[in-house]
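J.: The structure under discussion is supplied below as structure tokens; questions concerning it will follow.
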Amino acid sequence: MKLPNHQNNRFEKAAEIITWVIIILVLIFISFLPSSIVNKDSVYILAGAIIAFALFYYYVIYKLMTRTKRLYLKNIADIIFIGILIHLTKDFGVYFFALYFLPIVAAALYLELISALLIATVAAAFIALEIILQSQGLLPGGSEFYLGAWQIGIILVITLFCRFLALQLKSERIAKEEQLAKVEALKDEAKLEKEFITLTSHQLNTPLSIIRGYSSMLECGDLGKTALNQKEAITEIYKNSVSMANLVAELLNISHIQSQTFRLQTERTQIGDLIEKVYKNFQKAAEQKKLDFKYIKPTKQLPEIYLDKIEIEEVLKNLIENAIIYTSKGKVSIFAEQKDNNIVVKIQDTGVGIPAQDKEKIFQPFFRGQSILEIRKRGTGLGLYICKLLVEKHHGKIWAQSSPAGSTFAFSLPIA
Amino acid sequence: MKVLIIDDEETILKMYGTKLSMAKIEVLTSEDGQKGIEMAAKEKPDVILLDIIMPNINGLDVLKMLKIRDETKNIPVYLLTNLPQEASGEKAKELGAAGYMVKAEFEPQKLLEKIQSLPNNDQ
């Protein structure tokens, strides 16, 4: 139960005062007991039990209220009270033992059971040492006042030490719990993000699949003959539905790569084998355009590196496909070499080239080149952006170079 | 060849059903997952095409049940859905799906070619 702050303060003050008043009254009461009762051992247990109960009562009330920052004043006030209590008693040695409960319970006020027991053990060790020193007569003797001051000093040290250690442990525990809570909150956020991407994909693809499906059937005559003027319209509907489906797929791919849940599935790979695989897939397309299409294998075996095969294959596929599309005649060549601590892969073509001012912008999404009017009918304009995202996920770099005779697209991946 | 399509979207059933029927494939359809399971057990199709997002019972649960029943556990089940591969592909594979196809990428002609390339196609 949490009370409003100002009520908490008053309530807390009242509870604390009541608790200490109970302790003082108990000890005053004990001091008036006849010595025949006082000399019995059971008095120690009684005094200790009553004090422990009073402090327990205080602890329960304290737990129900908002904590205030009166730590230093509270500690000093507690010690003063302890000093007053000791001086109220006539015989230090008889009642003193009961007051040793105070530091232990003081620590318990701030901690849960295990930590409180640990603190209690430390306090008990201090107490045991004091008792041993006293029994061996190693503590300085002298007047009652001097002895009382010495006892107060010991209790001051024990209580302060236990209390501050308890607070330190508690604040560390709270910090750890807050950290865990933050991590859990981030995980929930990431999960929601992933679900949103998945559902968006589903909702966009549902009508698209019907538009694409039926328009393809109309186009190839599955649903009967179409008039010439209808055929052109149907072809456009079909082509645009294919473009839209590709755009949706690539946008969702980008969302997926940029999401918190995206993880590369890396494994040790010989990149030369991956290049060879993609090269073979494009040989037919290059032949159809009569291009001189080659993979120039490195003279020395390249070291294996950790990479996500599926993602790097996509990068290679995008770059090689672009090179073939944008080269009407001449050659497309693929190179791979080790340069310092990186593997560098280059795809060189004798195609249209890239204007110098576009070399950086070309990796931006939907960038269309110098003239906005030169819109390519095919493609989404996202392929190079996706390549950049994937290479950078591998801590690599991607860049483009241009020359009068075409262009070179290259990327590097770190070896270590 | 007999193909069972389980999908809650009537338009999808009609679209793919028309294309496959034109290629002389016997097409059975069900708009409900539970009824689809019963149909599969009774008719024993050569292939099942299964959507995932459906009311009452979703496709992955249908797949699980198909793989438990003796009458249907050996029928290859291909998921035909608009959920992206990365969302449910792994789970589908674990449950025993033979393949995963995204509808927006599988026009009726492409689906027909896929069905015709399957090993038990006796056309």
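The values are calculated or read from the model by the stated rules, or taken from the named source; none is laboratory data. What you see is a predicted model, and the numbers here were worked out from it, not measured in a lab. Positions of Cβ are generated from backbone atoms using ideal geometry, with glycine treated the same way; all protein chains shown enter the neighbour counts.
J.: In this structure, is A:Ile362 at pLDDT below 90 and not in a loop (DSSP other than H, G, I, E, B)?
T.: For A:Ile362, the condition - at pLDDT below 90 and not in a loop (DSSP other than H, G, I, E, B) - is met.
J.: Being within 13 Å of another protein chain (Cβ to nearest Cβ), closer than 30 Å to A:Ala416 by Cα and assigned to a loop (DSSP other than H, G, I, E, B), is that true of even one residue in the stretch A:265-284?
T.: Within the stretch A:265-284, one or more residues are within 13 Å of another protein chain (Cβ to nearest Cβ), closer than 30 Å to A:Ala416 by Cα and assigned to a loop (DSSP other than H, G, I, E, B).
J.: Continuing with the same structure: Enumerate the pairs (first residue in the stretch B:65-86 and in contact (Cβ under 8 Å) with a residue 12 or more places away in the chain and more than 16 Å from B:Ile5 (Cα to Cα); second residue anywhere and buried (at least 22 other Cβ atoms within 10 Å of the Cβ) and among the small types (Gly, Ala, Ser)) with beta-carbon separation below 8 Å, excluding pairs fewer than 6 apart on the same chain, so at least 6 apart or on different chains.
T.: B:Glu71/B:Ala40; B:Leu83/A:Ser201; B:Pro84/A:Ser201
J.: Now for a separate question. Restricting attention to the stretch B:51-84, report how many residues are within 14 Å of chain A (Cβ to nearest Cβ) and touching a strand residue (DSSP E or B) at 6+ places or on another chain (Cβ under 6 Å).
T.: Qualifying residue count, the stretch B:51-84: 5.
J.: Right, another one. Using beta carbons and a limit of 6 Å, which pairs, at least six apart or on different chains, have the first residue in the stretch A:192-209 and over 24 Å from A:Ser241 (Cβ atoms) and more than 9 Å from chain B (Cβ to nearest Cβ) and the second one surrounded by fewer than 19 Cβ atoms within 10 Å (Cβ to Cβ) and not aliphatic (A, V, I, L, M)?
T.: Matching pairs, first to second residue: A:Glu193/A:Ser259.
J.: Just to verify a result, which residue in the stretch B:14-29, among those that are free of Cβ contacts under 8 Å to residues at least 40 places away in the same chain and away from chain A (no Cβ under 11 Å), is surrounded by the fewest Cβ atoms within 10 Å (Cβ to Cβ)?
T.: B:Glu26
J.: One residue is enough: does the stretch A:176-185 have a residue meeting the conditions closer than 30 Å to B:Gln85 by Cα and at the interface with chain B (Cβ under 10 Å from one of its Cβ atoms)?
T.: So far as the stretch A:176-185 goes, no, none of its residues is closer than 30 Å to B:Gln85 by Cα and at the interface with chain B (Cβ under 10 Å from one of its Cβ atoms).
J.: Might you let me know whether the stretch B:86-98 holds any residue that is within 14 Å of chain A (Cβ to nearest Cβ), in a strand (DSSP E or B) and over 24 Å from A:Glu219 (Cβ atoms)?
T.: Checked against the condition, which is being within 14 Å of chain A (Cβ to nearest Cβ), in a strand (DSSP E or B) and over 24 Å from A:Glu219 (Cβ atoms), the stretch B:86-98 yields no hits at all.
J.: Looking only at residues that are more than 14 Å from the chain's Cα centre (by Cα) and within 14 Å of another protein chain (Cβ to nearest Cβ) in the stretch B:99-120, which one is surrounded by the most Cβ atoms within 10 Å (Cβ to Cβ)?
T.: For the stretch B:99-120, the residue satisfying everything is B:Ala104.
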